[in-house]
Amino acid sequence: MSSNLCPACEKIFNHDPRPYIEYPHHPTLEDFQLAKDQGCVLCNTIWDQIPKEMDDFKTIWLRKTTYNTSSHSELIFNSTGTVDKPDVLLWVEAIRENETSEISHTPSVDTNSPETWKLIHTWLKNCVEKHTKGDLEFDKFFPDRVLDVGIAGDSEVFLRVLHDLPQEQQTSRYLTLSHCWGATQILKVTQTTLSKFQAGIEVSTLPKTFQDAVEVTRQLGERYIWIDSLCIIQDSLSDWEEQSSKMDKIYMNGYCNLAATASSDSTGGLFYHRNPAAIQQLQVPCKWDLQREDGNFDRVDFHQFQRQEGSSYDERMRGLAKERFVVGQCQVMDYSRLHRTVINAPLNSRGWVFQERLLSSRVVHFGAEQIVWECEHVKACETYPDTANKGPPNAALSTHFLDMKNFATELRKVRPGQDDRAALGRKHGRDYANWRTIVELYSRLKLTFATDLLVALSGLAQVMQNGVGDEYLAGLWRDDIAHQLLWERIGTTDLKGISTCEKFIAPSWSWASTGYVVMWDPCQIFAIDTHLEYLGCSIIPSGNRTSRQHENVALRLKARIFTIPCTANKHFGRAPQPLVSPNAAPDTLIIDSYPKRPLKDNLIEIFIKGFMCPAWITFDNPEKENSFFGFQRDYPILFGELTFMPAAFCPIDAYGQRLYGIILQEGDESHNTIYKRIGRLEIQLKKEILTQILKDSDDGVEIPFTPDLSPYYFMKMHLEAQQNGYVDMSVGFHGADDGKEREVTLV
């Protein structure tokens with residue numbers, strides 16, 4: 001069925017527009033609003049996304065073709081934006097023949113409506129009957145405390161304790177609630193109020209989000225719901241630690257998670273009035289040329305390719321070639337809507353919610369615009385009740401959570417002590433890469449208390465530990481330690497408040513020691529040659545730890561430590577400009593652009609065993625980095641020395657031959673084997689040079705004199721003479737043991 005369009009929007013589709021040509025849409029804000037109010041579905045879809053705060057308002061549109069397919073095009077709307085950064089980006093797609101919707105749903109003006117309840121019941125029923133097949137309900141687990149909501153019409157709810165329940169109810173189904181505590185005073189159980197809450201709580205005294213959660217539980221025909229502030233004794237550290245250790249089981253075994261996605265605190269509730277026209281599907285008569293020629297494999301629609309049945313490439317390509325499309329019709333899809341409804345919502349900016357969402361087998365997001373469903377197999381919403389497509393390749397990562405959720409689900413299928421990982425067809429390398437992605441996503445989120453940083457991820461860590469059988473070390477994994485250590489700070493905003501926290505959070509070598517966003521170089525997965533070995537770990541007694549999660553772990557490694565002078569970059573140019581002269585010698589090292597962010601001042605020259613190489617440096621503390629590069633402007637030759645521990649080397653030319661490692665500083669003046677991590681260093685050098693460096697280190701070859709560092713050498717010798725009264729020239733500039741393998745302790 002075609003959607004209602006205004007004349008301005010009808011003009012968009014009644015001809016085949018040339019790409020990248022701007023066409024007029026609405027000439028004034030009044031004209032735009034009138035079209036919206038009269039029910040134009042497309043104007044309703046883009047209304048909230050178009051900036052309107054300008055005197056000379058008008059909207060324009062243009063078509064942008066995609067690089068990988070002729071059956072899709074992008075439709076861009078702007079009032080102030082550009083082609084590269086549009087105000088609205090929609091996806092125009094041909095409609096496949098014989099494609100029908102199994103679930104029929106018409107959004108109403110309020111998300112608390114019979115239509116919404118029917119849809120949620122349908123999603124739950126389909127998931128239980130078609131998806132789980134017993135995979136998700138391993139244990140008959142029941143939380144120590146739950147809220148008993150009774151039945152519809154009951155004026156009270158009761159806090160129940162597991163051992164007080166009849167035996168047959170101790171394996172009942174229960175729901176869970178994910179919500180923002182916010183700045184308002186939240187209702188919570190304490191040692192004083194525990195018995196009072198067991199005697200009954202008037203529903204009318206509950207905050208709005210909790211009242212709505214009670215109503216949802218009753219509407220779904222369930223009796224119990226777990227709410228953290230009511231089921232964990234908030235003024236008991238021992239109970240908080242015990243319940244925190246069970247987070248994986250609580251959320252994994254819940255029947256369904258209710259997410260107060262749009263609410264910033266407990267007063268926001270789950271239900272909202274909304275404009276139903278803004279979330280309707282758009283199917284319109286269309287004269288755009290969207291048809292793909294059969295057999296034209298040069299321009300493959302990768303999204304449709306993934307939907308084809310078959311295990312091999314050829315089988316899927318044959319299925320793709322057989323697809324037929326409806327002539328003269330198209331669908332217009334807003335793939336960023338789910339991103340705005342779920343990812344950008346207040347709830348999913350919070351760190352604790354991250355593992356709750358990943359571990360829950362089913363989640364219902366109560367958004368401001370619409371309800372969204374999420375389970376292991378399906379993500380759906382009121383606009384697309386069957387399934388909300390992942391969208392174009394460039395939008396899939398930002399709009400969907402399914403890859404990480406499926407990873408967590410796959411790990412849940414491995415019970416502790418059950419070694420069936422091979423049967424699941426998983427490789428440990430992929431597990432560790434997924435964990436690094438989990439940490440990267442988690443590091444973008446906020447926490448009220450810095451001390452919760454590792455605790456709020458402990459449930460996922462427990463599931464990962466059960467799945468891979470590895471040892472968990474303050475946010476890192478033992479068997480992948482060389483790569484795990486190579487995290488890098490991105491940005492200068494401390495989202496967790498760790499820089500101002502006086503309590504111990506994590507050892508310096510862990511990403512959890514910083515409140516900044518962290519990431520791993522995507523090309524680092526090809527660094528297959530590791531240069532350190534795990535020897536063990538020990539717990540350092542600490543009087544300021546707040547729980548078992550905050551123990552200071554000393555990491556013992558067999559590794560190499562190099563003392564490397566460094567200076568400002570003078571020989572290697574700056575990306576993206578050519579980094580070598582066109583007349584340079586054939587063996588001149590060509591510098592790759594830094595893989596993650598634009599080059600600023602983080603390209604330096606380092607000297608390792610006499611070889612001069614380009615390197616990229618990032619300090620864990622942005623103030624330290626500013627100081628380091630500020631010194632460059634005043635004394636470009638006298639950067640000083642870095643203590644460098646290599647971890648892994650990428651020998652593949654296509655990804656840049658690089659030596660990855662971390663920068664250290666001595667952590668204990670009385671022990672020259674104890675270090676703290678202070679940053680990360682990435683050196684570009686050829687494998688044959690690295691081989692020579694390692695050989696020279698093992699043979700005790702002294703560092704040769706480097707003319708480029710003459711001022712630095714003279715300054716160093718002058719300072720050494722002042723300090724010691726002499727310069728020992730017999731042992732080489734840094735000594736014969738520089739770079740030799742030895743035992744190193746990181747704290």
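The test for being of a type in the set (A, V, I, L, M), open to solvent by 50 Å² or more (accessible area, probe 1.4 Å) and within 19 Å of SER3 (Cβ to Cβ) holds for LEU34.
Anything in region 521-536 that is open to solvent by less than 50 Å² (accessible area, probe 1.4 Å), modelled with pLDDT under 90 and among the hydrophobic types (A, V, I, L, M, F, W, C)? List them, or say none. The one that is open to solvent by less than 50 Å² (accessible area, probe 1.4 Å), modelled with pLDDT under 90 and among the hydrophobic types (A, V, I, L, M, F, W, C): CYS523. Condition first: under 27 Å from THR341 (Cα atoms), aromatic (Phe, Trp, Tyr) and free of Cβ contacts under 8 Å to residues at least 40 places away in the same chain. Now tell me which residues in region 1-53 satisfy that. PHE32, the sole residue that qualifies. Reported count of residues in region 72-88, each being modelled with pLDDT under 90 and either in a strand (DSSP E or B) or over 26 Å from the mean Cα position of the chain (by Cα) (or both), is 7.
The number of residues in region 451-479 that are over 19 Å from the mean Cα position of the chain (by Cα) and closer than 22 Å to ILE678 by Cβ comes to 1. Here ASP480 fits the description: surrounded by fewer than 21 Cβ atoms within 10 Å (Cβ to Cβ), modelled with pLDDT of 90 or more and assigned to a helix (DSSP H, G or I). Comparison of ILE76, ILE103 shows that the only residue that is within 30 Å of GLU215 (Cβ to Cβ) and aliphatic (A, V, I, L, M) is ILE103.
Modelled with pLDDT under 95, open to solvent by 10 Å² or more (accessible area, probe 1.4 Å) and over 31 Å from the mean Cα position of the chain (by Cα) - does that describe any residue in region 226-234? No: zero hits. The residue of region 77-106 that is surrounded by the most Cβ atoms within 10 Å (Cβ to Cβ), among those that are of a type in the set (Val, Ile, Thr) and farther than 24 Å from ARG340 by Cβ, is ILE95. Within region 341-356, count every residue that is under 16 Å from the mean Cα position of the chain (by Cα) and part of a helix (DSSP H, G or I). Within region 341-356, residues that are under 16 Å from the mean Cα position of the chain (by Cα) and part of a helix (DSSP H, G or I) number 11.
The values are calculated or read from the model by the stated rules, or taken from the named source; none is laboratory data. Everything numeric here is computed off the predicted structure, so don't read it as measured data. Cβ: placed from backbone, ideal geometry, glycine included. Neighbour counts: every protein chain shown. The protein model used for the area step is the full one, side chains on, heavy atoms only, and it has no ligands, DNA or RNA in it. Shrake-Rupley method; radii C 1.70, N 1.55, O 1.52, S 1.80 Å.
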